[in-house]
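First the structure, in the form of structure tokens, and then the observations on it.
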Amino acid sequence: MEVQSAGPIAGTDYPRNWTEFLDWFGSEEACLSYLERLRWPGGFVCPSCGSAGAPYRSSRSRLMCRDCGRQSTVTAGTIFDKTRTPLRVWLAAAWYLTNQKQGVSALGLQRVLGLGSYETAWTMLHRFRRAMVRPGRERLKGRVEVDETFLALTDRQQPISRVGRKNKTDRVLVVIAVEMLEPKGFGRIRLRRIADDSASCVIPFVREAVEPGADVRTDGSAAYRSLGALGYEHRRTVMLGSDVPAHVSMAGVHRVASLIKRWILGTHHGSVQPEHLDAYLNEFVFRFNRRTSASRGMLFYRLLQQAVVTEPVTYEDVVRNKPTSAKPKHILDGHPVVLG
Ligand SMILES: [Zn+2]
């Protein structure tokens with residue numbers, strides 16, 4: 001049976017404001033109960049055997065399956081797994097991260113939460129960024145503009161060793177897809193860092209990001225030539241002389257490109273390591289696609305909802321840039337999570 005929830009309610013599913021936040025999340029126990037409800041909205045499902053039914057509780061955090069007897073915790077297998085940082089601090093970080101319109105840098109988060117180390121703040125932000133991609137999200141539809149842009153990144157804040165490194169600026173190519181609404185305005189976006197602007201890089205991106213049948217607009221680049229054969233309505237806009245500026249014919253991608261550049265320069269002071277750019281792009285997409293959300297508390301709710309179904313990563317994993325595999329398993333366990 002498909003369970004369609006009516007949608008989260010402010011004051012019931014997420015705090016309406018900071019005062020309410022403090023009331024709700026005063027203890028580790030309160031944070032655990034909240035995460036448990038998000039992780040198993042239809043009641044506990046054993047991560048080992050998939051059996052449903054109220055578990056034995058040997059302590060506040062330990063849950064034991066009545067069928068297979070295996071123990072688990074609310075946070076095992078989520079981005080909060082084995083963390084030494086209190087959940088109250090994690091939830092405060094999620095609140096701050098989602099309530100700042102432009103997000104927050106690791107240094108900013110360290111200061112506002114009084115965290116002992118920059119690395120802790122940096123790792124928390126990266127874990128949250130992994131949770132910002134929703135497994136099984138729908139592809140873009142309708143009229144979609146696709147184009148590439150270069151981002152200039154400065155490798156300045158090395159979390160492991162700041163010794164002996166010089167700042168260098170890299171130019172990184174990013175491909176952008178933007179839904180164009182009628183009569184005007186933008187819908188959702190997708191972004192990806194790519195090695196070059198060849199068909200082998202841009203075509204797989206379009207296929208993963210855009211629903212076949214969509215009306216895809218690109219520039220005259222030959223890299224997109226096969227889109228028609230792949231089931232897309234493909235329209236190429238060829239620049240006829242230099243008197244037609246690019247931002248006129250591809251308004252969506254140029255607007256989004258300038259917003260990303262401003263965000264990286266503003267919130268992150270241009271200082272993003274190229275190997276971690278995808279994580280920052282995840283965050284940008286998460287924010288952009290929810291920019292019309294009526295309440296910031298809703299973003300907090302969505303972020304935590306995804307955080308409890310996203311695999312944990314360690315600081316070392318993040319540094320090594322291990323690819324994530326978000327686990328849709330808990331969603332498919334008979335408790336569909338309806339996301340915006
Ligand atoms: Zn079990």
Any hit, segment 34-47, residues being within 16 Å of the ligand (Cβ to nearest atom), open to solvent by 40 Å² or more (accessible area, probe 1.4 Å), under 18 Å from GLU311 (Cβ atoms) and not polar (S, T, N, Q): yes
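When you check ARG70 against the structure, is it under 30 Å from LEU265 (Cβ atoms) and more than 20 Å from the chain's Cα centre (by Cα), yes or no?
Values: under 30 Å from LEU265 (Cβ atoms): no; more than 20 Å from the chain's Cα centre (by Cα): yes.
Judged against the criteria, ARG70 is not a match.
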Members of segment 63-100 that are of a type in the set (Phe, Trp, Tyr) and either within 16 Å of the ligand (Cβ to nearest atom) or open to solvent by less than 40 Å² (accessible area, probe 1.4 Å) (or both): PHE80, TRP90, TRP95
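Residues checked against (1) out of contact with any Phe, Trp or Tyr (no Cβ under 9 Å at 6 or more places or on another chain); (2) assigned to a helix (DSSP H, G or I); (3) of a type in the set (Asp, Glu):
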position: TYR96; (1), (2), (3): yes, yes, no
position: GLY103; (1), (2), (3): no, no, no
position: GLY108; (1), (2), (3): no, yes, no
position: GLY116; (1), (2), (3): yes, no, no
position: THR123; (1), (2), (3): no, yes, no
position: HIS126; (1), (2), (3): no, yes, no
Selection from segment 204-221 of residues that are without any contact (Cβ under 8 Å) to a residue 60 or more places away in the chain and open to solvent by less than 20 Å² (accessible area, probe 1.4 Å): PHE205
Residue count for segment 173-204, restricted to those that are touching a strand residue (DSSP E or B) at 6+ places or on another chain (Cβ under 6 Å) and closer than 13 Å to GLU145 by Cα: 14
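Can you name every residue in segment 302-322 that is at pLDDT 90 or above and either closer than 17 Å to ALA279 by Cβ or surrounded by fewer than 21 Cβ atoms within 10 Å (Cβ to Cβ) (or both)? Outline the logic, then answer.
Going through segment 302-322, the residues at pLDDT 90 or above turn out to be 302-308.
Hits for segment 302-322 are LEU303, GLN306, ALA307.
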Scope segment 128-144; condition farther than 27 Å from ASN17 by Cβ and not in a loop (DSSP other than H, G, I, E, B); matching residues: ARG130, LEU140, ARG143, VAL144
Looking only at segment 101-131, and only at residues there that are out of contact with any helix residue (DSSP H, G or I) (no Cβ under 7 Å at 6 or more places or on another chain) and among the small types (Gly, Ala, Ser), the one that is most open to solvent (accessible area, probe 1.4 Å): GLY116
Candidate set from segment 20-33 (those that are in contact (Cβ under 8 Å) with a residue 24 or more places away in the chain and closer than 26 Å to ASP67 by Cα); member that is surrounded by the fewest Cβ atoms within 10 Å (Cβ to Cβ): GLU29
Restricting segment 53-62 to residues that are touching a residue at least 12 places away in the same chain (Cβ under 8 Å) and surrounded by fewer than 16 Cβ atoms within 10 Å (Cβ to Cβ), the residue that is farthest from the chain's Cα centre (by Cα): SER58
Subset of segment 182-238 (residues that are touching a helix residue (DSSP H, G or I) at 6+ places or on another chain (Cβ under 6 Å), in a helix (DSSP H, G or I) and within 22 Å of SER258 (Cβ to Cβ)): VAL202
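The values are calculated or read from the model by the stated rules, or taken from the named source; none is laboratory data. Computed from a predicted model, the values in this text were never measured in an experiment. In this analysis, Cβ positions are derived from the backbone assuming ideal geometry, glycine residues included, and neighbour counts consider all displayed protein chains. Surface areas here come from the heavy atoms of the whole protein model, side chains and all, with no ligands, DNA or RNA. Shrake-Rupley method; radii C 1.70, N 1.55, O 1.52, S 1.80 Å.
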